[in-house]
Amino acid sequence: MEYSPILAVATAVFEVIVAGWVLAFRPRGTTAGETGCRIGLSDRRAIARTTGAILLLLAGYQITEVVICADVGAAGFLPRLAFLVVTWLPALGILLIAQLRRPTSRLLYGSALAMLAAAAGIVTWIVVDRSFATASVCNAVFARYAHVQPRFQLYAGYYWLGLLGMIALSTYGVFTSTDLHRRRLLSYVQAGTLGFVVPSILTSLFVPTARGALPSIMCHFALILAIFLARMVWVLRADPAREGTEADSMRPESQEA
């Protein structure tokens, strides 16, 4: 079946628009005493920047895939660029979770820094290894890539560790955060991650035409994550005084091990 770029283009347009809206966020008010909001100005800005970066990277993959599938034979560096783009997503997802949870957790920030360092190393590897990924075939709305094995298994291990980490750490944050408002925000990350990972796996396993195209499938289903992140920022941008009334009584925001 001939590749159709409509889904990828529509997804990219949505993600770029939402990213622009997120990055244009200019929060006001810094303390609960001034606004009733428990999330300070610097935290709100950091959350918006990280979320906007995730959305732009998701859109970047969609655009890259469309260009690849327009002429697979002339794809050149683009298949590697597609993987360069998505390499950062698990690390930024864990960073977002660390920014959302309170009290601040050294465990979460340490995990995010470790993943960011691993992502930087993998990006360097992809840049220098010309055999890392080549375009194989584009079919319907999916792209398949060819990789040199078993080296690619290292990349897959990093990526799945990151995605499972996002699920586990967002769940940890939902159950342990001392602020009900932040728990609500974390629940959007948790639901969005589960909402694209689980359908991607099921599609890859049970839809014959989608087998071997898991990276492409996951990035298409990541639209679900983008929708949940948009909702998360919508709640973050809501009237802080109203949102603040939903929060539990907090313990002091001291760091924990």
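The values are calculated or read from the model by the stated rules, or taken from the named source; none is laboratory data. Keep in mind the model is a prediction, meaning the values are calculated, not measured. We place every Cβ from the backbone using ideal geometry, glycine too, and count neighbours over all the protein chains shown.
Quick one: how many residues across the range 61-100 are within 20 Å of Ala8 (Cα to Cα) and assigned to a helix (DSSP H, G or I)?
The qualifying residues number 25.
Pairs please, first residue from the range 155-181 and more than 23 Å from Val85 (Cα to Cα) and buried (at least 20 other Cβ atoms within 10 Å of the Cβ), second anywhere and modelled with pLDDT under 95 and polar (S, T, N, Q), Cβ atoms under 9 Å, 6+ apart in sequence or on different chains.
Note: pairs meeting the criteria are Gly173/Ser105.
For residues that are surrounded by 17 or more Cβ atoms within 10 Å (Cβ to Cβ), free of Cβ contacts under 8 Å to residues at least 40 places away in the same chain and under 19 Å from Val67 (Cα atoms), tally how many sit in the range 106-146.
Result for the range 106-146: 0.
When the residues of the range 44-71 are filtered to those that are within 17 Å of the chain's Cα centre (by Cα) and among the small types (Gly, Ala, Ser), which remaining residue is nearest to Leu236 (Cα to Cα)?
Selected residue: Ala48.
Need the failing condition index for Phe132 against (1) part of a helix (DSSP H, G or I); (2) over 26 Å from Leu229 (Cβ atoms), just the number.
(1)
Could you pull out the residue among Ala98, Ala135, Ala119 that is at pLDDT 95 or above, in contact with a strand residue (DSSP E or B) (Cβ under 7 Å, 6 or more places away or on another chain) and of a type in the set (Gly, Ala, Ser)?
Matching residue, one of Ala98, Ala135, Ala119: Ala98.
Inside the range 1-59, can you point out the residues that are charged (D, E, K, R) and at pLDDT 95 or above?
Hits for the range 1-59 are Glu15, Arg49.
Does the range 113-125 include one or more residues that are farther than 24 Å from Arg49 by Cβ and over 20 Å from the mean Cα position of the chain (by Cα)?
yes
In the range 164-181, which residues are under 18 Å from the mean Cα position of the chain (by Cα) and closer than 18 Å to Val235 by Cα?
Answer for the range 164-181, where residues must be under 18 Å from the mean Cα position of the chain (by Cα) and closer than 18 Å to Val235 by Cα: Ser170, Gly173, Val174.
Just the residues that are closer than 20 Å to Gln62 by Cα, hydrophobic (A, V, I, L, M, F, W, C) and touching a residue at least 60 places away in the same chain (Cβ under 8 Å), please, taken from the range 7-28.
Leu7, Ala8, Phe14, Val18, Trp21, Val22
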